[in-house]
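Student: Got a structure for you, written out below as structure tokens; questions coming shortly.
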Amino acid sequence: MRIMKKVPVKVVLTETERNKQSDRLRNQRKQVETEKEQLHFEQKKLEHKYGTLPSKIEERMSQEIKQRENKVEAISYQLEQLDILPESYELTVEEVDSVIDIEEGMGWETLKDREIVIEDGVIKRVRDV
């Protein structure tokens, strides 16, 4: 039998990787800020068209805008932390699905957690944790 299991992917923080992650976070922050501006625009457009908005719609729009603001703050915090982290720090960037073969009678401990470590775009280690 095969099962799917999440495996964390970590990158070793080098100067190149730090720049790459910084660019990725800045792009992500810019996209979220654009979404927030679009929501503001849509809200104003609806207000102009209908006068005052029903409370449920206004509440929902405000919720969505607040979510984007919180996301921008979180990304900004991640950018600050990225600058502080030391060289060679292993930064978790994503999780991938892995297929694992299991059989009856196997010890549960044999299904150890694994992680993938990447340095400068090359897989350096696949290790049990």
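Student: Residue pairs, Cβ under 7 Å, 6 or more apart or interchain, first in the stretch 109-129 and without any contact (Cβ under 8 Å) to a residue 24 or more places away in the chain and under 21 Å from Thr16 (Cα atoms), second among the hydrophobic types (A, V, I, L, M, F, W, C) and assigned to a strand (DSSP E or B). List them.
Tutor: Ile123/Ile116; Arg125/Val117
Student: Further question on the same structure: Taking Glu33 as the residue in question, decide whether it is touching a residue at least 60 places away in the same chain (Cβ under 8 Å) and charged (D, E, K, R).
Tutor: Considered against the rule, which asks whether it is touching a residue at least 60 places away in the same chain (Cβ under 8 Å) and charged (D, E, K, R), Glu33 comes out as no.
Student: Under 15 Å from the mean Cα position of the chain (by Cα) and among the polar types (S, T, N, Q) - does that describe any residue in the stretch 41-53?
Tutor: no
Student: Could you list, in sequence order, all residues of the stretch 98-114 that are surrounded by 10 or more Cβ atoms within 10 Å (Cβ to Cβ), at pLDDT 80 or above, in contact with a strand residue (DSSP E or B) (Cβ under 7 Å, 6 or more places away or on another chain) and not small (Gly, Ala, Ser)?
Tutor: Ile100, Ile102, Arg114
Student: Here is a check on your reading of the model: is Gln28 polar (S, T, N, Q) and under 30 Å from Asp113 (Cα atoms)?
Tutor: yes
Student: Next up: Going through Lys56, Lys36, Lys44 one at a time, which residue ends up being in a helix (DSSP H, G or I), over 30 Å from Val126 (Cβ atoms), modelled with pLDDT of 95 or more and among the charged types (D, E, K, R)?
Tutor: Lys36
The values are calculated or read from the model by the stated rules, or taken from the named source; none is laboratory data. Note that the structure is a prediction, hence the values are computed from the model and not measured. Every residue, glycine as well, gets a Cβ built from its backbone with ideal geometry; the counts of neighbours run over all protein chains shown.
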